[in-house]
Amino acid sequence: MKKFLLVLTLVTFLLSVSFGAVTLTVAAGAVGIELELAQQAAEEFMALYPGVEVKVLETPDLATDRLGLYLQFFEAKSSEVDVYQIDVIWPGDLAQHLVDLYQYGGHDYAGNHFPAIIENNTVDGKLIGIPWFTDAGLLYYRTDLLEKYGYDHPPATWDELEEMAKTVQAGEKANNPDFWGFVFQGNAYEGLTCDALEWVASNGGGTIINTDKQITIANSKAAEILEQVRGWIGTIAPEGVLGFAEEDARKVFQGGNALFMRNWPYAWSLGQSDDSAVKGLFGACPLPAGDSGKGAAALGGWQLAVSKYSKNPALAAQLAFYLANYENQKKRAIIGSYNPTIMSLYQDPDVLEATPIFGSLYDVFINATARPSTASAPRYNEVSTLFFQAVHSVISGEEEAMTALENLALDLEEVTGFEVIWE
Amino acid sequence: MAKKQSSLLLKRQQSLAIKLLLPTFIVLGLVAIYPLGDVFVTSFTDREFAGGEDNTTDFVGFQNYFSLLGFTFKELPPVLNDDGTQKIDEKTGEPVYERAIRVLPRDPYRYRELSQFNWFGKRIVVGARNPDFLKAIWNTLVFTVLSVFLETLLGLFIALVVNSNFKAKGALRTTMLVPWAVITVVSARIWEWMLQPGNIGFFNMLLFRLGLGDGQASFLTSAALQMPSMVMVDVWKTTPYMALLILAGLQTIPKELYEAANVDGAHKVRQFFSITFPLLRPALAVALIFRTLDALRVFDVFQVLLGSKMYSMASYNYFQLIQNRQMGLASAIGVIIFIFIAVFAVIYMRLMGVDKE
Amino acid sequence: MTRKKTKQLISKILFYILIVVIFFYLLFPFYWALNSSLKSEAQLSQTPATFIPRDANGKISIFWNNYASIFANATFVRSIFNSIIVAGSTTLVSLLIGSFSAFALGKLYFKGKKVTLYLILSMTMFPQVTVLSGLYAVITTLNLAAVPSMILTYMIFTLPFTTWVLTTFFKQLPNEIMQSAQVDGATPFQTFWMILLPLTAPALVTTGLLAFIAAWNEYLFALTFTSIEPTARTIPVAISMFSGTIARQEPFGEIMAAAVMVTIPVVLLVLIFQRKIVAGLTAGAVKG
């Protein structure tokens, strides 16, 4: 089978070459290191496949703008772009425009990656995207301050976090009126879906919609934790957290004005940079647990997918596999701190030397909780918007949690047509 | 003979007019006819954006419009105590009524609560099929009225100042365009940065230093501050546009009129109302039309600063098209915006009395 | 007499205070962008925010790297030229053909004038995002490169604008000018081209500047039409593609630096033309 595929690829390749040079276009991230890395990898690919030209196309930094652009291409059934870099929440929504990578040898690669991501990227048994790099929510904490107030470990539960944050904040506010206990992403946007999913899942409240396509969000565990979060606003978290995205939270934490922060792994290397006020003063660990006894981390990250409208899907698939292979992910991890999706890279000595934190991230990544994007496709965006709006109205004190969640369940039922599991 | 000549002249003018208008119509026909027609037709279908091959598009009549604009009124029955009197909420002291969700119809369409009001001792709830969009219409209208009004006032004021004689006139003429020259998407980011909650943002820092707040006001999340913030941002950005158009209008007013008025000893304020304003009307009307047209379609400021916390019509449209891929619905929103703009344009032309041929 | 003088003096002082206030209001947010563009990431996250870039000890410390890195970014530098070409051509074309129609609508007699005016206006009444996919289809059919497709599609909002504004200005010119020119034997078109057009110079400059800036600021169309032709990207698109050294980091200082830099060409343009805004039409000259 493997050989057959290889021959198939080679034949299509030769055929296309005989009709003139082949150009493959990859729509990838924006400028900067990300682009440089992608371009280097593309050049290596061209050296392997002479006669193929690979173009790397920068796309907007903002995910919504990027999605808008992709949709424009798909609407026009454009063959201009062969390989797309897609967000972890898009495979379900975009599946109809992307090829099944299993048809082009995906079986050889899928096993090396985190199973949770492969499952997320599998739609109706088809592998829609090959994982490129991953992300998961982490808890950042100030080691110096915890020590100062007599704590010898970061919080393991939300209650513990709340208690520590109160104590430390009360002590620190005297010198620094801008100091807060905990910052996270509380703005009404996709980031809140991630944060709230973590709260709810860690408290045993499920993942909004389960893999059997049932709406599970209307439950008391979910309501309970959201009420607890509402209690944080204005006490251990600033009111402004209701407008925070990732970068807002990082600015507060990195400026030395918060004890705890929920953020993605990227904040690690930036926080350790020379001009950071908290360099060498903080650590990162898995997010605290609620009633379920386990913490939950939302799964993020990007995949490479091949367009159905590509003129050379087989070759494009080879390019996607190549860009996401061990060597390239290793290079990206070392130079750009992109979290690999290939499990064995978390034991690679070079990677661990460059970014020691990767070792401890392994457990977080392998247990990461995916947002219900594949189950609710192609309506995920609507589902997520309804969810974060409901959560936002609860934590900003506009609505009572259980009422909001019951209304949400009805709204979700209308949008998806799935059955609601009432408690 | 003379009559014949003048009709010949008219004919000549008419044919010249057609020739002169031709390039405009060719260009607009090329770029506008198909997209506009497409929007109009799509608004009557359930077309999905980037729907793929296996997706069929059906004609649905006015369904998109109904689902956007549909609303209903229902009376809320009071919640009674055991003795038959109406229950009073102990905390707020307000009488208690049935929850709206139990009263509003769910079949065949679900109506969600938009707002409540009292009517002759009865409690009425307004239910809407799409409260988000109805709120977006309301937000956009409030935004448009407030910002266009303030921009016109300020713009007129700045234009009058620039039009008067003083040193540094050239400098002011140049600086007055700076806000308009800053790229819209970026200016929204500048303001977002200035409005940051916490002492990291300019306004909070200022209020804190002046002792007027705790430095933690969140302008973009608290419902009371959102609209004023939007208006403030837009007024800063687009006042120059109004000022420049009004200034150009002022330039066409013959100076002799003022000289004559000065001789007559007319006061400056009277001169403004008897000379400046009437002659400025056509220019003002056009400035108002284009400004209102932009305000009704306001997108960047809402998208960048408020995202899905508060929609304008256009940002809701973007949300439906890009995030939800409801192209039929999004097109219907486009047509509704179109109608709003058309109504405003006609009203302005009538009110300013400048649409005479 | 002295009393009148002091009164004059006071009103003069008040007037200048007013001007200072206006200056301040117009420029402050821009100053704040400039201030932020000269701060490092650490300085940006300082509390409370400072009016001048300072380090943690309160000493003034200016950070130039944001400017260095935007100019090291070849896409950004090229985007400035692209924007000048696109916005410039859009403005010239829409002024030219817009003034033709404006002359017809403002000074010539023909039937259906009102309908024509409203028809032209209606072309620009849809929100951009709704017409985008239709426009994309048109551009694909015409098989246009990115730069001409931007110029052409920007007409959708600049052409109705120039036409309408110029129409009001043509209307205000006294009819006697045309009549006396015709008596001298000039054709209506000659009257328009040689006499009326120069007289409306301030209006041309004003509408030109406003149309230029509208095209300069446009993002959504440019993003879509330059997507597969990166060399044609305009400034707003290039800025949207700024990214940090690692994913999710947002180079806010660089965005502010870019905001400052790209405002300068427009300010220069205004400086060149600002005299024209008021110079052209001294009403006395118009009298037929």
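Computed from the coordinates by the stated procedures, all read-outs in this text should not be read as laboratory data. If you're wondering where the values come from, they're calculated on a predicted model, not measured in any experiment. Because the Cβ atoms are built from the backbone with ideal geometry, glycine has one as well, and the counts that use them run over all protein chains shown.
A few remarks follow.
- On a per residue basis, the convex hull of the C-alpha atoms belonging to region B:232-274 measures out at 75 Å³.
- Whole-angstrom gap from region A:347-423 to region A:79-139, using each part's C-alpha centre: 19 Å
- Here the calculated FRET efficiency for C:Gln179 and B:Phe71, from their Cβ-Cβ distance with R0 = 45 Å, stands at 0.20, rounded to the nearest 0.05.
- Spacing of the two label points (7 Å from each Cα toward its C-beta) at A:Glu413 and A:Tyr326, in nm: 5.2 nm
- Each of B:Phe117 and C:Ala72 was given a label point 7 Å from its Cα along the Cα-to-Cβ line. The distance between the two points is 6.0 nm.
- Here the Gaussian network model covers chain A, with springs between Cα atoms less than 10 Å apart; of A:Ile217, A:Ile357, A:Ile86, A:Ile357 fluctuates the most.
- For the protein assembly as shown, with +1 on Lys and Arg beta carbons and -1 on Asp and Glu, the positive-most of A:Phe114, B:Asn262, A:Tyr346 along the dipole: B:Asn262
- Protection proxy ranking for C:188-195, C:166-173, C:76-83, using the average of other Cβ atoms within 10 Å per residue and placing the highest first: C:166-173, C:76-83, C:188-195.
- Net dipole in debye of region C:21-142 [+1 Lys, Arg Cβ; -1 Asp, Glu Cβ; about Cα centre; nearest 20]: 500 debye
- Peptide A:244-257 has a mean shielding of 5, counted as Cβ atoms of other protein chains within 10 Å of each residue's Cβ.
- Peptide B:250-259 has a mean shielding of 4, counted as Cβ atoms of other protein chains within 10 Å of each residue's Cβ.
- Reference-scaled alpha-carbon Rg (2.2 N^0.38 Å with N residues) for chain C: 1.29
- Karplus 3J(HN,Hα) series, Hz, for region C:235-247 with 6.51 cos²θ - 1.76 cosθ + 1.60 (x for Gly, Pro): 4, x, 5, 4, 5, 5, 9, 4, 9, x, 5, 10, 4
- Residues of region B:287-329 falling in the label zone of B:Phe62, defined by backbone nitrogen less than 20 Å from a point 7 Å along Cα to beta-carbon, are B:328-329.
- Between C:Ile52 and C:Ile272, residue separation times 0.36 nm minus the direct Cα-Cα distance comes to 76.1 nm.
- Candidate aspartates and glutamates - alpha carbon under 19 Å from A:Lys330, same-chain residues fewer than 8 apart omitted: A:Glu34, A:Glu36, A:Glu43, A:Glu44, A:Asp108, A:Asp135, A:Asp348, A:Asp350, A:Glu353, A:Asp363
- Shown is the FRET efficiency for A:Thr143 and A:Tyr362, computed with R0 = 22 Å from the Cβ-Cβ distance and rounded to the nearest 0.05: 0.55.
- Point-to-point label distance, B:Tyr258-B:Ala223, nm (Cα→Cβ direction, 7 Å offset): 4.9 nm
- Cα-derived Rg over Rh, computed across region A:241-319 with Rh taken as Kirkwood radius: 1.19
- Separation of the alpha carbons by more than 22 angstrom is noted, of B:Lys74/B:Lys122; A:Lys77/A:Lys331; B:Lys255/C:Lys7; B:Lys11/C:Lys107; B:Lys169/C:Lys12; B:Lys167/B:Lys237, for A:Lys77/A:Lys331; B:Lys255/C:Lys7; B:Lys167/B:Lys237.
- Take each residue of peptide B:279-292, count the partner chain Cβ atoms within 10 Å of its Cβ, and average: the result is 3.
- With K and R counted +1 and D and E -1, the other residues having a Cβ less than 12 Å from that of B:Ile275 yield a net charge of +1.
- Choice from C:Lys107, C:Lys12, C:Lys276 showing the highest fluctuation, given a GNM over chain C with Cα pairs closer than 10 Å: C:Lys12
- Relative contact order, whole percent, for chain B stands at 20, derived from Cα pairs under 8 Å and 6 or more residues apart.
- Structural descriptor for chain A: relative contact order 26 percent, calculated from alpha carbon pairs under 8 angstrom and at least 6 residues apart.
- Selection from B:Ala314, B:Thr140, B:Phe277 lying farthest towards where the dipole of region B:132-352 points positive, charges on Cβ: B:Phe277
- GNM flexibility winner over chain B from B:Gln86, B:Gln216, B:Gln63 (Cα, springs under 10 Å): B:Gln86
- Listed residues B:Val126, B:Tyr97, B:Leu80: farthest to the positive end of the dipole of region B:71-129 (Cβ charges): B:Val126
- Taking Lys and Arg as +1 and Asp and Glu as -1, the other residues whose beta-carbon sits under 14 Å from that of A:Trp158 total -4.
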